[in-house]
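A short write-up of the structure that comes next.
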Amino acid sequence: MTAALTVLSTGSLLRPALAVPQSETNGKTRHTIVNASPTTSEQQKKIRSLQPETISVTGIAISRFGPSRRQHEGAASTFISSGALESHHVSTVKGLQNLAPNLTVQPQGATANVNFSLRGVGLKDFTSNNTPSVMTYIDGVAYPIGFMAGNAIFDVSGVSVEPGPAGFTHGQTVTAGELNIQTNDTTSTLHAGVSQDIASYARSITSVYVSGPITQNLQYRIAGTTQHGGGYQSSRYDGAHLGDANKGALRGKLAWQPDNKTRIDLSGNWSQDNSDAMGVFNVEDLIVPYLAPDTNNLKTGWGFRNAFTKLIGVQQGTKPFLNDTVWGANLHMSRSFGWGELSSISAFEQMYIHNLMDLDSSKLATYDDYINNNSNMFSQEVKLKSKDEHSPFQWGIGVYYSRIRTKASFYNDFSDTTTRPYMSNTHYRQNEQTFSQFAQARYAITPKFRIIAGVSHESDDRQLLDLETVHYGFTDTHFGSRGALANQFSGKGGIEYQALKHLLIYGDIRKSFKPGGFTANNTVIAEQLTPTKPESLLAYEVGLKSDFWRNRIRINGNAFWYDYHGQQILGLDVVSGYGVVGQYVNIPKSTIWGAELEVDVNPISGLTLIQHLGYERGQYNNFNFLNSTAVYAYYAKTGIYSPFYTSFKGVDSGIPKLTLNGSVSYRLFPLPDWSLTPSVDYSYRGSQLDMPGSPVYRMPAYFLLNASMTLAPRHGIWSATVYATNLLDRHYDLTRDIGTNSFYGIPGAPRFIGGRIKIDY
C-alpha cells in the first residue's frame with residue numbers, strides 16, 4: 001500500500017510523508033514513498049515508538065518535512081511530492097507555477113508547447129527550435145523542447161524546481177534553472193493502483209499502474225493515464241463547445257541488478273494528444289471589420305476557409321485541434337567501485353506535432369495558423385562521482401552530448417487582410433549539436449565549513465537549413481541556410497556554513513550562458529534570420545535553511561541578484577508593406593533581484609501550515625523596443641507600416657513582482673478507524689507584462705483558492721476525495737500575445753468541482 005502522507009517543497013509539505021532516498025539522478029536524490037501504514041503489529045509498535053520529529057526508515061533519517069539531506073545542501077530549491085501534485089490537482093506541467101515561488105509556466109500561443117520562466121528569466125519560443133532558459137529533465141534526461149514534456153505529470157514521485165544558473169553536475173548549461181521530474185521507480189514487491197477523477201465540464205482523468213518483481217534481480221513497472229472532456233470555452237457566434245481533452249500516455253520500466261554493484265534501468269514512454277486546441281479571446285482588434293474586445297475571456301471564435309483546410313489536408317468545418325505524438329526510450333546504467341560510481345544515461349525522443357489554431361479568434365482569415373514539427377533528440381551523458389558521502393571531499397566529473405534534428409513548417413492564412421491577402425508557408429530544417437563537459441567539487445575545510453567550486457564548458461553548433469517562405473499565388477522566397485556557433489565556459493563558487501545542527505547558511509556566485517538561435521516563423525525578410533547572440537547571467541545568492549522546535553518549524557529563505565547580459569526575448573520588427581512580425585532580439589543589459597521565503601509549520605499532529613513567498617523585480621538598463629501601438633496607430637492614419645521605438649532604459653521589465661502560495665490541512669480521526677482530511681490552498685500572482693511596449697499585453701494579478709476533503713480508512717487501501725479548484729471562479733489570463741493586427745489572450749481554467757476515488761495496494 002502506498003503512503004497517504006505527502007511532502008511539499010524544499011522541505012515543505014501538505015501532510016508528512018516517508019520519502020526514502022534510493023539513488024541519485026542529476027546529482028539529486030531520488031525518493032520513493034514507502035508504506036506509511038504498517039502491515040504487521042510489530043511494525044506498528046516500532047513506528048509508534050519513534051520520536052515525533054524524525055522517522056527512521058531502513059536507517060535513514062527523514063524529517064516530518066521531507067528529506068533532511070536537502071537542508072544540508074547550499075542551494076535554493078523547491079521539492080514537490082506526488083501527494084502535493086495530487087492534492088493540488090496538477091495534471092500538466094502548467095499547474096506547477098502555483099506551487100513554487102517565482103516560477104511561471106505559460107502555453108505558447110494555443111499550442112501544446114509550454115514556456116518556463118524562473119526568477120524572471122525565460123524565453124517565449126514559438127518556433128520550438130531554441131534552447132530554453134529553464135531546462136526540463138525527466139528521470140535525468142534533458143527535454144529541450146517544450147512539446148516533449150507537456151504530458152509528463154503522471155505516476156510521478158516528485159518534482160524539484162532548481163533556480164539557475166545550472167549545469168555544473170549534469171546535462172546542459174542554462175541560465176534560468178531546471179525543472180526535474182522524477183517518475184516512480186520499480187518495486188521489489190507487487191503493488192498496483194488505480195484512480196478515477198470526475199469533475200465539471202465532463203472532465204475525466206483515469207490513472208493506473210502495476211509494479212513488482214519478475215525475478216529476484218529484475219523488476220518492472222507499467223503506468224498509464226487518460227484524460228477526456230473538460231473544455232470550458234464556447235463560441236461567441238453560436239455557443240459551440242471548445243477545449244475538450246482527448247489524450248493518453250504510457251510509461252514502462254525495467255530495472256535489473258546483475259550484482260550488488262551494478263544497476264541497469266530501461267524505460268520507454270508514449271503519449272498521444274488529440275485534444276481540442278485552446279481558443280483565444282480578443283484583447284484588442286485592429287482589423288476591418290472591427291471585432292469588439294471580449295469581456296468574457298472564456299468566449300472565443302474560430303473558422304477556417306475551405307481553401308486553407310484543403311491546403312493543409314484536414315476536413316472542412318474542423319475545430320482548432322492538437323494531434324501530437326511523443327515517444328522515446330532511455331537507458332540508465334551505473335556501476336559502483338567503492339571509491340566512486342560510474343553512470344551513463346542514453347536517451348532518444350521523437351515527436352510529431354500537428355496543431356491547428358485560430359489566433360484571430362474570429363471567422364475571418366486574418367491569422368489562422370497550422371504548425372507541423374517533426375523533431376527527434378538523442379542524448380548521451382557519462383559521469384563519475386565520489387561514493388563516500390561522509391568523506392570531506394566530494395567530487396564529480398562528466399560529459400554530455402545532445403543531437404537534435406528538426407523539420408518544421410508553419411502555414412498561415414491571412415487572406416482577409418488588406419496587406420497580406422494570401423496563404424503562406426514557412427518551412428525549414430534545423431540540425432543542432434551540443435557537447436559539454438562539467439566538474440564540481442565540495443570540500444569540508446572544517447566539520448561546519450565547506451567550499452564548493454564548479455566549471456562547465458559547452459559548445460553548441462546549429463544549422464538552419466533550406467528555409468523558404470511561400471506566399472501562395474504571389475511569391476516564393478528562398479533564404480538558404482544559416483549557422484550559429486557558441487563556445488563558452490561557465491563557473492560557480494560557493495560556501496556553506498553549518499552554524500547549528502539544524503541551521504545552514506550559504507552563499508554562491510554562478511555564471512552561465514545559453515546559446516543563441518534563430519527566428520524561423522513566418523520569415524519574410526532575410527534580416528529575420530540573423531541569429532540571436534548567446535545570453536549570459538551572473539548570479540549572486542545568499543540563503544539559509546533551518547529547522548526549529550523539534551523539527552516542527554522549517555524556515556528557508558534566500559536573496560538573489562542577477563546581472564543579465566544579452567537577454568534573449570521575443571521582440572518585434574516591422575516589414576514595409578507587410579506589418580509587424582516576431583523577431584528574437586538581445587537586450588544588452590538588465591538586472592533582476594528578489595527574495596524567496598518558505599515557512600512550513602506542523603504545530604500539532606495532523607495540522608500542517610505552509611506559506612511560500614516569492615518577490616522579484618526586473619529592470620532594463622539598456623534597451624530600445626519596437627512600439628507596436630505607435631506602429632498600428634500610424635498605419636491606421638497613413639496605411640503605411642513604419643517603425644517607432646521606445647527607450648526602456650531604467651524601465652521595469654514587467655515580471656510578476658509577487659507570487660504567493662500556501663495551504664492548511666488537518667488530518668483528524670472522527671472515528672478510530674477512519675481519517676478525514678480537510679485542506680485549503682491558495683496561490684496569488686502579481687500582474688505581468690508579457691511583452692514590453694504596450695499595456696494591452698499586461699495580464700492582471702489574480703488569486704486562486706482551492707479546497708478539498710479526503711476520507712480514508714486508517715489502515716485501508718482506498719481514499720475518496722471531493723474538491724473544488726478556483727473555488728471563487730475567478731477569470732484570469734495565462735498569457736497574452738500579438739496576432740496579425742490584433743492582440744489575443746489565453747484564459748485560465750474556471751471553477752471545477754469534482755471527486756476522486758483512489759485505490760493502492
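Only one entry of 545, 501, 514 meets the criterion of being in contact with a helix residue (DSSP H, G or I) (Cβ under 6 Å, 6 or more places away or on another chain) and farther than 21 Å from residue 581 by Cβ, and that entry is 545. All of 146, 83, 109, 122 fail the test of being modelled with pLDDT under 90 and closer than 27 Å to residue 599 by Cβ, apart from 83. Residues in the stretch 643-655 include at least one that is of a type outside the set (Asp, Glu), within 19 Å of residue 742 (Cβ to Cβ) and touching a helix residue (DSSP H, G or I) at 6+ places or on another chain (Cβ under 6 Å). Here the stretch 384-417 is the region considered, the condition is being outside any loop (DSSP other than H, G, I, E, B) and charged (D, E, K, R), and the residue that is least open to solvent (accessible area, probe 1.4 Å) is 413. Can we say residue 123 is in contact with a Pro (Cβ under 7 Å, 6 or more places away or on another chain), open to solvent by less than 10 Å² (accessible area, probe 1.4 Å) and either free of Cβ contacts under 8 Å to residues at least 60 places away in the same chain or among the aliphatic types (A, V, I, L, M) (or both)? So residue 123 fails the test. Filter the stretch 615-660 for residues that are closer than 20 Å to residue 582 by Cβ and open to solvent by 60 Å² or more (accessible area, probe 1.4 Å) and give the result. Answer for the stretch 615-660, where residues must be closer than 20 Å to residue 582 by Cβ and open to solvent by 60 Å² or more (accessible area, probe 1.4 Å): 624, 629, 634, 643, 644, 645.
Hey, any hits in the stretch 706-729 for a residue that's open to solvent by 30 Å² or more (accessible area, probe 1.4 Å), in contact (Cβ under 8 Å) with a residue 12 or more places away in the chain, in contact with a Pro (Cβ under 7 Å, 6 or more places away or on another chain) and not in a strand (DSSP E or B)? The answer is yes, given that some residue of the stretch 706-729 is open to solvent by 30 Å² or more (accessible area, probe 1.4 Å), in contact (Cβ under 8 Å) with a residue 12 or more places away in the chain, in contact with a Pro (Cβ under 7 Å, 6 or more places away or on another chain) and not in a strand (DSSP E or B). Only one of the numbered conditions (1) at pLDDT 90 or above; (2) closer than 30 Å to residue 588 by Cβ; (3) under 21 Å from the mean Cα position of the chain (by Cα) is not met by residue 691, and that is (1).
Where strands (runs of 3 or more DSSP E) fall wholly inside the stretch 245-287, the ranges with 3 or more residues that are surrounded by fewer than 18 Cβ atoms within 10 Å (Cβ to Cβ) and either modelled with pLDDT under 95 or touching a strand residue (DSSP E or B) at 6+ places or on another chain (Cβ under 8 Å) (or both) are 245-259, 262-273. Entry remark, the stretch 694-705: residues being open to solvent by 30 Å² or more (accessible area, probe 1.4 Å) and within 24 Å of the chain's Cα centre (by Cα) number 5 in total. Candidates are the residues of the stretch 222-244 that are without any contact (Cβ under 8 Å) to a residue 60 or more places away in the chain and charged (D, E, K, R); the one that is surrounded by the most Cβ atoms within 10 Å (Cβ to Cβ) is 244.
Candidates are the residues of the stretch 288-334 that are more than 32 Å from the chain's Cα centre (by Cα) and of a type in the set (Lys, Arg); the one that is least open to solvent (accessible area, probe 1.4 Å) is 305.
Here's a check for you: in the stretch 418-439, which residue that is open to solvent by 50 Å² or more (accessible area, probe 1.4 Å) and in a strand (DSSP E or B) is farthest from residue 641 (Cα to Cα)? Talk me through it step by step, then tell me what you get.
Narrowing the stretch 418-439 to residues open to solvent by 50 Å² or more (accessible area, probe 1.4 Å): 418, 421, 427, 429, 433, 435, 437.
Keeping just the survivors that are in a strand (DSSP E or B) gives 427, 429, 433, 435, 437.
Working: 427: 26, 429: 31, 433: 39, 435: 43, 437: 47 Å.
Here the answer is 437.
For the stretch 595-613, enumerate the residues that are under 30 Å from residue 511 (Cβ atoms) and either part of a loop (DSSP other than H, G, I, E, B) or open to solvent by less than 10 Å² (accessible area, probe 1.4 Å) (or both). First the steps, then the outcome.
Residues of the stretch 595-613 under 30 Å from residue 511 (Cβ atoms): 595-598, 612-613.
Residue satisfying the conditions is 612 alone.
Every listed requirement among (1) outside any loop (DSSP other than H, G, I, E, B); (2) acidic (Asp, Glu); (3) open to solvent by 30 Å² or more (accessible area, probe 1.4 Å) is met by residue 381 save one, (3).
The values are calculated or read from the model by the stated rules, or taken from the named source; none is laboratory data. Note that the coordinates shown come from a computational prediction; the quantities given were computed from them, not determined experimentally. Neighbour counts are summed over all protein chains in view; Cβ atoms, including those assigned to glycine, are modelled from backbone coordinates with ideal geometry. Note: accessible area is taken over every heavy atom of the protein model, side chains too, but ligands, DNA and RNA are not part of it. Shrake-Rupley method; radii C 1.70, N 1.55, O 1.52, S 1.80 Å.
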